[in-house]
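Single-structure report; data block below.
The values are calculated or read from the model by the stated rules, or taken from the named source; none is laboratory data. Computed from a prediction, not measured in an experiment: that's the story for all the values here. Heads up, the Cβs are rebuilt from the backbone with ideal geometry, glycines too, and the neighbour counts pull from every protein chain shown.
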Amino acid sequence: MNKIISAVKKIESGNPDKDALLYLFSTNEDIDILFSAAYEVKERYVGKKVYLRGLIEFSNICKKNCYYCGIRRDNHKIKRYSMNKEEILESAIFAYKSGFGSIVLQSGERDDRDFINNLVEVIKEIKSITNNELGITLCVGEEKRDDYEKLFEAGAHRYLLRIETSNEDLYKKIHPEDHSFYNRVECIKMLKNIGYQTGTGVMIGLPFQTIDDLVSDIVFFVENDIDMIGMGPYIEHKDTPLFKYNSKFTLKERFELTLKMIAIMRILMKDINIASTTALQAIDPAGREKGILAGANVIMPNITPLKYREDYRLYENKPCINENSEDCKDCVLNRIKMIGESVALNSLGDPIHYYRRNKES
Ligand code: SF4
């Protein structure tokens, strides 16, 4: 027990001490000490509340071909779709009226003019019909700086760009040759520099991935002083090239490692936002709640129209494919209440970290 207490104490100072992290990953004995410490930090710094972001998966068309992703360009088994403007606005209004403080507009990656211009228009319109009150997070991949700027000026103020792994060699193994690790890191820096509340994240339990890689991921988050994190266990998709390689971690282990990553990041970076991702729920029906109890403070209920959900399957067993937005909302509200937390309705839920780092810089 003393060992785990001392490992937790070491990281409480904000220093991602490698030995302490390796120890926390290596044991499950008395691991509740880690989770309790993380939950205390959560209560103190970001409160006993959860922010909601209505997730709108507005298009599954993607120019990229990541080896792990179910909507990669070369997966011809799925039907491609793009929601029209009215459908996106309708979903945004649903979020607004339901008291979700923010939405996430997520899609496959495209950089053609139509895509960017339409997105700019949609963002402007959402801001206008919601009295500028609905927060907008974008998750649409790597773009050019001036496009990031246009989207920011239109009213998007948060951006999620997952690095997936901070190990460049591993990155190369899970992406085709023309997908650049360097560019991805540069995009994250660019987003911060433009003024976005910037989020990133990794997959946990990828084939070829080691515990040392997870330690490096933690160091990456700290060094890049990010505002938001979305991490999930890697879950295979059978129609992807990575499917033939085995992870050395069972699903259960990937789940446990993800909870540990959440707890460690909460202790290390205290006032950032951390999402409890749907992939956790794909492994354990109470996965998202467990994520909150490990220190996460954001949940993203899926509010994509039902007819498109099936075709936005990034991994197998993705939950909430058949529940409509109203059901997803009720389910999330009930589940959060059940663990003694409250939902911060009608609140943007910006990461406190973002304001602190801007004040300090
Ligand atoms: S992970 Fe993102 S960029 Fe890669 S194929 Fe999937 S949607 Fe496209």
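Summary table
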{"read-out": "Test: residue in the stretch 31-41 that is part of a loop (DSSP other than H, G, I, E, B) and more than 16 Å from the ligand (Cβ to nearest atom)", "value": "yes"}
{"read-out": "Cβ pairs under 6 Å, 6+ apart, first in the stretch 71-95 and within 20 Å of Lys318 (Cα to Cα) and in contact (Cβ under 8 Å) with a residue 24 or more places away in the chain, second more than 13 Å from the ligand (Cβ to nearest atom) and among the hydroxyl-bearing types (Ser, Thr, Tyr)", "value": "Tyr81/Tyr308"}
{"read-out": "Enumeration of residues in the stretch 64-87 that are within 22 Å of the chain's Cα centre (by Cα) and polar (S, T, N, Q)", "value": "Asn65, Ser82"}
{"read-out": "Matching residues in the stretch 124-144 - criterion: being within 22 Å of Arg80 (Cα to Cα), of a type in the set (A, V, I, L, M, F, W, C) and touching a helix residue (DSSP H, G or I) at 6+ places or on another chain (Cβ under 9 Å)", "value": "Leu138, Val140"}
{"read-out": "Subset of the stretch 258-283 (residues that are in contact with a Leu (Cβ under 7 Å, 6 or more places away or on another chain) and not basic (Lys, Arg))", "value": "Thr258, Met261, Ala263, Ile264, Ile283"}
{"read-out": "Positions within the stretch 167-192 being crowded, with 18+ Cβ neighbours inside 10 Å, within 16 Å of the ligand (Cβ to nearest atom) and charged (D, E, K, R), in sequence order", "value": "Arg184"}
{"read-out": "Residue satisfying condition, being within 16 Å of the ligand (Cβ to nearest atom), crowded, with 19+ Cβ neighbours inside 10 Å and hydroxyl-bearing (Ser, Thr, Tyr), within set Tyr308, Tyr312", "value": "Tyr312"}
{"read-out": "2 or more residues touching a residue at least 60 places away in the same chain (Cβ under 8 Å): qualifying helices (runs of 4 or more DSSP H) within the stretch 169-282", "value": "211-223, 251-269"}
{"read-out": "Selection within the stretch 48-65 - near the ligand (Cβ under 9 Å from one of its atoms) and either among the aromatic types (Phe, Trp, Tyr) or more than 20 Å from Tyr308 (Cβ to Cβ) (or both)", "value": "Asn65"}
{"read-out": "Boolean, Glu133 is farther than 22 Å from Gly232 by Cα and in a helix (DSSP H, G or I)", "value": "no"}
{"read-out": "Residue tally, condition more than 17 Å from the chain's Cα centre (by Cα), of a type outside the set (Val, Ile, Thr) and surrounded by fewer than 21 Cβ atoms within 10 Å (Cβ to Cβ), over the stretch 315-327", "value": "7"}
{"read-out": "Residues located in the stretch 236-275, provided they are of a type outside the set (Val, Ile, Thr), under 14 Å from Asn297 (Cβ atoms) and in contact with a His (Cβ under 9 Å, 6 or more places away or on another chain)", "value": "Met269, Lys270, Asp271, Asn273"}
{"read-out": "Residue among Glu164, Glu143 that alone is touching a residue at least 12 places away in the same chain (Cβ under 8 Å), crowded, with 22+ Cβ neighbours inside 10 Å, within 19 Å of the chain's Cα centre (by Cα) and on the phi > 0 side of the Ramachandran plot", "value": "Glu164"}
{"read-out": "Verdict on Asp17 being at pLDDT below 95 and not hydroxyl-bearing (Ser, Thr, Tyr)", "value": "no"}
{"read-out": "Residue in the stretch 88-111 that is part of a loop (DSSP other than H, G, I, E, B), modelled with pLDDT under 95 and within 15 Å of the ligand (Cβ to nearest atom) present", "value": "yes"}
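Conditions tested, residue by residue: (1) within 22 Å of Asn346 (Cα to Cα); (2) part of a strand (DSSP E or B); (3) touching a residue at least 40 places away in the same chain (Cβ under 8 Å); (4) within 16 Å of the ligand (Cβ to nearest atom).
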{"position": "Leu119", "(1), (2), (3), (4)": "no, no, no, yes"}
{"position": "Ile123", "(1), (2), (3), (4)": "yes, no, no, no"}
{"position": "Lys127", "(1), (2), (3), (4)": "yes, no, no, no"}
{"position": "Phe152", "(1), (2), (3), (4)": "yes, no, yes, no"}
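Yes or no, residue by residue, for (1) in a helix (DSSP H, G or I); (2) farther than 17 Å from Arg53 by Cα; (3) modelled with pLDDT of 85 or more:
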position	(1), (2), (3)
Asp327	yes, no, no
Val332	yes, no, yes
Arg335	yes, no, yes
Gly340	no, yes, yes
Leu345	no, no, yes
Leu348	no, no, yes
His353	yes, yes, yes
Arg356	yes, yes, yes
Lys359	yes, yes, yes
